[in-house]
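Notes for the one structure printed next.
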């Protein structure tokens, strides 16, 4: 059976992680989207939704019993204690689902699997990645991207950035780092160079 290499992909908002992910998809690399997994476990696992409602009250539920994500976001945004509690509830469900997906890829003999996870380190998902790749970018460029992408004011965008970790948090914990400080073509080249290096190193260990 061919060995599967799991690459943890993470980085700050506005750094270009989504673009890197699109480049990797174009290369035919399998992607596990942790944000989509998060949505799926809440929608599909009643116990997870019940745990959230028990902690944050039934006010976070719509009339049909589904999660009202905007209400939940309003409760935890700006309150680190509540955000930490939210993560402690939902992360175990997310981790279990991701493990299942990785196991399926291993059984299928998939060579490379990228786990796209903004909270890779916070959730502990980095523990079952073979290598971690982070995407970082200059603060001014991240600010501009967030303002345009999310249609936020300058103050709102800065507040969102301020709630995240600095570059060093990612660079010190990652074997590979892509600095997105140029144009799209340069980002594509840097991304493919890193993937080629990871692929070559993985082949040497087989």
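Only residues that are surrounded by 13 or more Cβ atoms within 10 Å (Cβ to Cβ) and closer than 20 Å to residue 40 by Cα: list them for the range 78-89, please. Once the filter is applied, which keeps residues that are surrounded by 13 or more Cβ atoms within 10 Å (Cβ to Cβ) and closer than 20 Å to residue 40 by Cα, the range 78-89 yields 83, 85, 86, 87, 89.
Scanning the range 48-77 for residues that are over 20 Å from the mean Cα position of the chain (by Cα) and in a loop (DSSP other than H, G, I, E, B), we see that the one that is surrounded by the most Cβ atoms within 10 Å (Cβ to Cβ) is 68. Tallying residues that are loosely packed, with under 15 Cβ neighbours inside 10 Å and under 29 Å from residue 168 (Cβ atoms) within the range 28-47 yields 2. For residue 190, state whether it is surrounded by 16 or more Cβ atoms within 10 Å (Cβ to Cβ), without any contact (Cβ under 8 Å) to a residue 40 or more places away in the chain and in contact with a strand residue (DSSP E or B) (Cβ under 9 Å, 6 or more places away or on another chain). Answer is yes for this residue.
Of the residues making up the range 1-19, those that are within 13 Å of the chain's Cα centre (by Cα) and under 22 Å from residue 127 (Cβ atoms) are 7, 8, 9, 10, 11, 12, 17. In the set (1) buried (at least 19 other Cβ atoms within 10 Å of the Cβ); (2) closer than 30 Å to residue 3 by Cβ, the condition left unmet by residue 142 is number (2).
Of the residues making up the range 63-83, none is in contact (Cβ under 8 Å) with a residue 60 or more places away in the chain and more than 23 Å from residue 163 (Cβ to Cβ).
Condition check ((1) under 17 Å from residue 116 (Cβ atoms); (2) assigned to a helix (DSSP H, G or I)) across all residues:
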| site | (1), (2) |
| --- | --- |
| 133 | yes, no |
| 143 | no, yes |
| 148 | no, yes |
| 152 | no, no |
| 157 | no, yes |
| 161 | no, yes |
| 173 | yes, no |
| 178 | yes, no |
| 185 | no, yes |
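What number goes with the only condition from (1) part of a loop (DSSP other than H, G, I, E, B); (2) over 22 Å from the mean Cα position of the chain (by Cα) that residue 204 does not pass? All conditions are met except number (1).
Is it the case that residue 116 is within 16 Å of the chain's Cα centre (by Cα) and either within 20 Å of residue 199 (Cα to Cα) or at pLDDT 95 or above (or both)? So residue 116 fits the description; yes. When each of 168, 122 is tested for being more than 16 Å from the chain's Cα centre (by Cα) and either assigned to a helix (DSSP H, G or I) or outside the structural domain of residue 8 (by TED's automatic domain parsing) (or both), the lone residue that passes is 168. Considering only residues that are on the phi > 0 side of the Ramachandran plot and either in contact with a helix residue (DSSP H, G or I) (Cβ under 9 Å, 6 or more places away or on another chain) or in a helix (DSSP H, G or I) (or both), which ones fall in the range 2-38? 11, 14, 16 - these are the residues of the range 2-38 that are on the phi > 0 side of the Ramachandran plot and either in contact with a helix residue (DSSP H, G or I) (Cβ under 9 Å, 6 or more places away or on another chain) or in a helix (DSSP H, G or I) (or both).
The values are calculated or read from the model by the stated rules, or taken from the named source; none is laboratory data. Nothing here was measured: the structure is a model prediction, and the numbers come from that model. Cβ atoms come from the backbone with ideal geometry, glycine included; neighbour counts cover every protein chain shown.
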